[in-house]
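A.B. asks: Have a look at the structure that comes next, please.
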Amino acid sequence: MNIYDRQGLKKAAADRIAGAAYNPRLLVLIHTGVSLGASLLVAVLLYLLQQKIDTTGGLSGIGLRSVLTTVQSVLQLVLLLLTILWQVGIVYGVIQIVRGRTARPEDLTAGFRRFGPVLRLKLLQVVFSVAIAMPVMYACMSLVSLTPLYGQLQEALLPIMEQAAQGQMVEPDAQTIAEISRITRPLILLYLAVYIPVLVYLSYRVRLAQYLIMDENGVPRPLAAMITSWRMTRRRASGLFYLDLSFWWFYGLRLLVLVLSYGDQILPLLGVNLPLPADGVYFLFFGLYLVAELVLYGLFGARVHTTYAVAYEALRKPDQE
């Protein structure tokens with residue numbers, strides 16, 4: 001199947017969903033429900049811990065506050081780790097569906113069974129992003145050094161460098177900070193204008209690595225999976241990009257759902273204040289966000305996930321011939 005035949009990919013996905021022994025929509029609903037339930041549980045625990053921290057005052061409570069703060073950090077780290085391992089479970093599930101096999105809820109734990117390769121892949125992707133950022137920053141700084149902005153930046157930093165050279169505590173005044181901010185704003189915009197397109201392109205080239213890791217017939221080693229993904233997407237990465245664009249409505253709805261989670265911050269900006277405590281408003285909109293996300297994935301998640309799995313299969317064929 002041609003990766004550029006978006007309608008064909010979606011039709012193939014619809015056929016796989018219709019012919020699946022276990023309802024893929026229910027599978028995605030379970031997957032999303034567990035993810036959102038874990039987020040809600042951690043949010044409540046973090047809130048209760050923060051309430052305890054706020055009511056623990058005085059020098060005698062320093063130790064307890066430190067422990068509770070550490071627990072908060074650990075909870076967020078654990079949620080991040082579990083989310084990474086859980087999210088790739090749906091990738092394993094839809095690969096089975098596309099290949100005509102039965103995918104059941106227990107298959108969603110595949111990421112935990114392959115936690116080593118999955119975590120190494122995520123870490124490798126982070127290193128990959130940082131490795132891209134450094135030469136891009138160097139190139140942008142080199143370009144800026146050829147403009148008048150570079151001299152202006154040196155002049156603005158001169159008082160700070162003089163303070164540091166004299167061993168004084170560096171305390172830039174508000175005017176200096178504002179001037180540095182004004183001068184560096186074009187540099188930041190230039191950096192983003194270069195870094196984001198480069199990162200997006202390279203991300204598309206290694207995007208299939210997680211599919212290869214979760215594929216029983218794929219590549220179990222993270223670096224090898226990224227290299228294989230690079231080879232599979234050669235001259236075909238734009239097919240994935242156009243496929244993403246064809247799901248603009250889904251990602252648009254996701255954005256609206258995400259905005260809903262910030263309703264407690266957006267309403268005051270619009271001059272609207274609900275007759276509820278601040279914490280109540282936060283959990284109200286957080287709850288609405290969870291429900292909306294669950295509905296969105298329950299209605300469309302299976303179609304989207306399965307289509308990408310079909311696209312993965314289409315990109316694997318040249319390597320199998």
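The values are calculated or read from the model by the stated rules, or taken from the named source; none is laboratory data. All figures in this text were calculated on a predicted structure; none of them were measured in a lab. Using ideal geometry, Cβ is built from the backbone for each residue, glycine included, and neighbour counts are taken over all protein chains shown.
A.B. asks: Spot the failing condition for Leu258; the list is (1) within 22 Å of Val91 (Cα to Cα); (2) touching a residue at least 24 places away in the same chain (Cβ under 8 Å), and only one is missed.
C.D. replies: (1)
A.B. asks: Name, by its number, the condition in (1) within 19 Å of the chain's Cα centre (by Cα); (2) in contact (Cβ under 8 Å) with a residue 24 or more places away in the chain that does not hold for Tyr47.
C.D. replies: Exception for Tyr47: condition (1).
A.B. asks: Taking segment 141-182, which residues are among the hydroxyl-bearing types (Ser, Thr, Tyr) and either part of a helix (DSSP H, G or I) or on the phi > 0 side of the Ramachandran plot (or both)?
C.D. replies: Ser142, Tyr150, Thr176, Ser181
A.B. asks: With the requirement that a residue be surrounded by fewer than 17 Cβ atoms within 10 Å (Cβ to Cβ) and either among the β-branched types (Val, Ile, Thr) or closer than 27 Å to Glu313 by Cα (or both), what does segment 34-59 give you?
C.D. replies: Matches in segment 34-59: Val34, Val44, Thr55, Thr56.
A.B. asks: Kindly indicate which of Leu290, Leu245, Leu260 is at pLDDT below 95, farther than 18 Å from Ala14 by Cβ and outside any loop (DSSP other than H, G, I, E, B).
C.D. replies: Exactly one residue qualifies, and that residue is Leu260.
A.B. asks: Scan segment 117-140 for residues that are free of Cβ contacts under 8 Å to residues at least 60 places away in the same chain and either within 30 Å of Arg16 (Cα to Cα) or not in a helix (DSSP H, G or I) (or both) and jot them down.
C.D. replies: Leu119, Lys122
A.B. asks: Cβ-Cβ under 6 Å, sequence separation 6+ or interchain: first residue in segment 78-104 and over 20 Å from Asn23 (Cβ atoms), partner of a type in the set (Gly, Ala, Ser). Which pairs?
C.D. replies: Every condition considered, the pairs that remain are Leu85/Gly111; Val88/Gly111.
A.B. asks: Count, please, the residues in segment 39-81 that happen to be of a type outside the set (S, T, N, Q) and not in a helix (DSSP H, G or I).
C.D. replies: Residues in segment 39-81 being of a type outside the set (S, T, N, Q) and not in a helix (DSSP H, G or I): 2 in total.
A.B. asks: Another question, then. Output the residues belonging to segment 266-278 that are exposed (fewer than 12 other Cβ atoms within 10 Å of the Cβ) and either at pLDDT 95 or above or part of a helix (DSSP H, G or I) (or both).
C.D. replies: Within segment 266-278, Leu269, Ala278 meet the criteria.
A.B. asks: What number goes with the only condition from (1) closer than 30 Å to Asn217 by Cβ; (2) in contact with a helix residue (DSSP H, G or I) (Cβ under 8 Å, 6 or more places away or on another chain); (3) not aromatic (Phe, Trp, Tyr) that Lys317 does not pass?
C.D. replies: (2)
A.B. asks: Step by step: first the residues of segment 210-222, then only those that are surrounded by 13 or more Cβ atoms within 10 Å (Cβ to Cβ) and out of contact with any Phe, Trp or Tyr (no Cβ under 9 Å at 6 or more places or on another chain), then the one that is nearest to Arg236 (Cα to Cα). Which residue is that?
C.D. replies: That would be Gln210.
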